[in-house]
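S.K.: Before I ask anything, let me first share the structure, which is written out below as structure tokens.
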């Protein structure tokens, strides 16, 4: 949060408020870091005091509840207890929220939690032995980015479409760029690309047109690699033959 919040608020016009949030984010980033310099805690405390004084100028008095006041004591807590990530309360609070979700009878919350937790444990235990039924163990992940087996010989990673589908007809130049992008990000094309560059260096060295440098390799790849690869339609991997299809 302390890293993303200042970036997310850059477009806002409230400059003073953003500056104060950046100072608070810097404070939380320092005290929540895995390694804390004890000698630096004094300067962090002094900067926080100045930040709170600036906040009293910009915000209404009703904003300063007991939770805002507790910021003053966080540095002392770090001195006494050590790094903050060893004393996180977030996992406990999330688990308590999970238990509260079992409450169906507010007159008897303890009993509702006990029965709900027992029911959840029973269903979880039984779901381990169910086949051909979607359970919490067999349910696809929310962000499942797996690649079908048909494409795994070319790509070790993949993605999935998000949002509304929209058909777009690419022009010739965009189609060539997309084609080249797919080829250059294929794991199996890497040896072929190296072979192409090696052949080009050998040809240019034999002709001796001019003194070349490494930057010209990118020009070769952009201008000549796709046409050269059309003549190399068969690539070998572990004794199998795969055909590479090209865009026209």
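S.K.: Arrange 200, 190 by Cβ neighbour counts within 10 Å, fewest through most, would you? Write down the numbers at each step before the final one.
M.R.: Values: 200 19, 190 11.
With the sparsest Cβ surroundings first, the list reads 190, 200.
S.K.: Can you compute the FRET efficiency between residue 227 and residue 73 using 1/(1 + (r/R0)^6), with r the Cβ-Cβ distance and R0 = 45 Å? Round to the nearest 0.05.
M.R.: Numbers: r = 69 Å, r/R0 = 1.54.
My answer for the efficiency is 0.05.
S.K.: Also, I was wondering about something else. At what distance in nm do the modelled label points of residue 108 and residue 37 sit from each other, each positioned 7 Å from its Cα along Cα→Cβ?
M.R.: 5.9
S.K.: For the stretch 27-151, I need the span (max minus min coordinate) of the C-alpha atoms along each principal axis, in Å, sorted largest to smallest.
M.R.: For the stretch 27-151, the Cα spread along each principal axis is 61, 55, 31 Å.
S.K.: Using a simple spin-label model with points 7 Å from Cα along the Cα→Cβ vector, what separation in nm is obtained for residue 174 and residue 126?
M.R.: Simple spin-label model gives 5.3 nm for this pair.
S.K.: Let me ask another. Please give the length that would be gained between residue 119 and residue 89 if that part of the chain were fully extended, namely 0.36 nm times their separation in residues minus their C-alpha to C-alpha distance (nm, one decimal).
M.R.: Numbers: separation 30, 0.36 × 30 = 10.80 nm, distance 2.62 nm.
Result: 8.2 nm gained on full extension.
S.K.: For a quick check: sort 102, 85 by the number of other beta carbons within 10 angstrom, fewest at the front. Numbers along the way, then the final one.
M.R.: Values: 102 17, 85 9.
Starting with the residue having the fewest Cβ neighbours, the order is 85, 102.
S.K.: In addition: Give me 25, 127, 174 sorted ascending by neighbouring Cβ count inside 10 Å, so fewest comes first. Walk me through the numbers on the way to the answer.
M.R.: Working: 25 18, 127 15, 174 11.
Final ranking by Cβ density, sparse to dense: 174, 127, 25.
S.K.: Also, I was wondering about something else. Extent of the stretch 4-87 along each principal axis, from alpha carbon coordinates, in Å, largest to smallest?
M.R.: 37, 27, 21
Where a number appears in this text, it was derived from the coordinates with a stated rule and is not lab data. Keep in mind that what you see is a predicted model, and the values were worked out from it rather than measured. Every residue, glycine among them, receives a Cβ derived from its backbone with ideal geometry; neighbour counts consider all protein chains shown.
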